[in-house]
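Just below is one structure, and these are the notes that go with it.
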Amino acid sequence: MKKVLTYGTFDLLHYGHINILQRAKAMGDYLVVGLSTDEFNALKGKMCYFSYEERKKMLEALRCVDLVIPENCWEQKVEDVKEFRIDTFVMGNDWEGKFDFLKDYCEVVYLPRTPEISTTQIKKDIANRK
Ligand code: C2G
């Protein structure tokens, strides 16, 4: 069984998120998603609209997601790759090169982002419509 791992905040889940999750799953048989906790998002300078539990519930409802684990820090990725016996690590190419240290442990793939959509843009568009 080929296992794939990716990470993210996945706030205000949108089709850009769905695209990368489906493409990540298509690279194997089992997809693990490291979901940024509210505390870690504070470290990333991100204020989420939905809480960790709400974001987790939405990801777990997706057919392409097999397991959601908490992402508490930047440093847990090597341990996660080992613990879950990950074959392929996938991230959007806004992270190109940032996780190449994982190449010692698994395949590392950066996929093109879906253009025109982001959680930040959604928030801006809604604010402008008031
Ligand atoms: N993404 C995408 N296309 C978009 C928006 C996002 O492909 N239009 C991808 C990102 O490249 C990322 C994933 O969706 O791979 C999740 O995006 P975010 O929720 O913004 O996650 P991020 O803040 O990048 O956190 O340790 C890694 C971090 O947790 C990643």
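The values are calculated or read from the model by the stated rules, or taken from the named source; none is laboratory data. From a predicted model like this one, the values you see are computed outputs, not experimental measurements. Neighbour counts run over all protein chains shown; Cβ positions are idealised from the backbone, glycine included. Just so you know, the surface numbers come from the protein's heavy atoms only, side chains and all, with ligands and any DNA or RNA stripped out. Shrake-Rupley method; radii C 1.70, N 1.55, O 1.52, S 1.80 Å.
A few comments on the model shown:
- Of all positions in segment 92-105, at least one carries a residue that is open to solvent by less than 20 Å² (accessible area, probe 1.4 Å) and of a type in the set (A, V, I, L, M).
- Number of the exception - K46 against (1) in a loop (DSSP other than H, G, I, E, B); (2) surrounded by 13 or more Cβ atoms within 10 Å (Cβ to Cβ); (3) modelled with pLDDT of 95 or more: (3)
Yes/no matrix, rows are residues, columns are (1) near the ligand (Cβ under 9 Å from one of its atoms); (2) touching a Leu at 6+ places or on another chain (Cβ under 8 Å):
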site	(1), (2)
G16	yes, no
L21	yes, yes
K25	no, yes
V32	no, yes
K44	yes, no
Y52	no, yes
L62	no, yes
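- Subset tally (residues that are open to solvent by less than 100 Å² (accessible area, probe 1.4 Å) and either part of a loop (DSSP other than H, G, I, E, B) or within 9 Å of the ligand (Cβ to nearest atom) (or both)) for segment 77-86: 3
- Close pairs from segment 105-130: first farther than 15 Å from Y7 by Cβ, partner part of a helix (DSSP H, G or I) and open to solvent by 50 Å² or more (accessible area, probe 1.4 Å), Cβ under 6 Å, at least 6 apart: P112/N93; T114/N19
- Looking only at segment 87-118, and only at residues there that are of a type outside the set (D, E), outside any loop (DSSP other than H, G, I, E, B) and more than 8 Å from the ligand (Cβ to nearest atom), the one that is nearest to the chain's Cα centre (by Cα): F89
- Scanning segment 119-130 for residues being away from the ligand (no atom under 13 Å from the Cβ), open to solvent by 70 Å² or more (accessible area, probe 1.4 Å) and not polar (S, T, N, Q) gives a total of 4.
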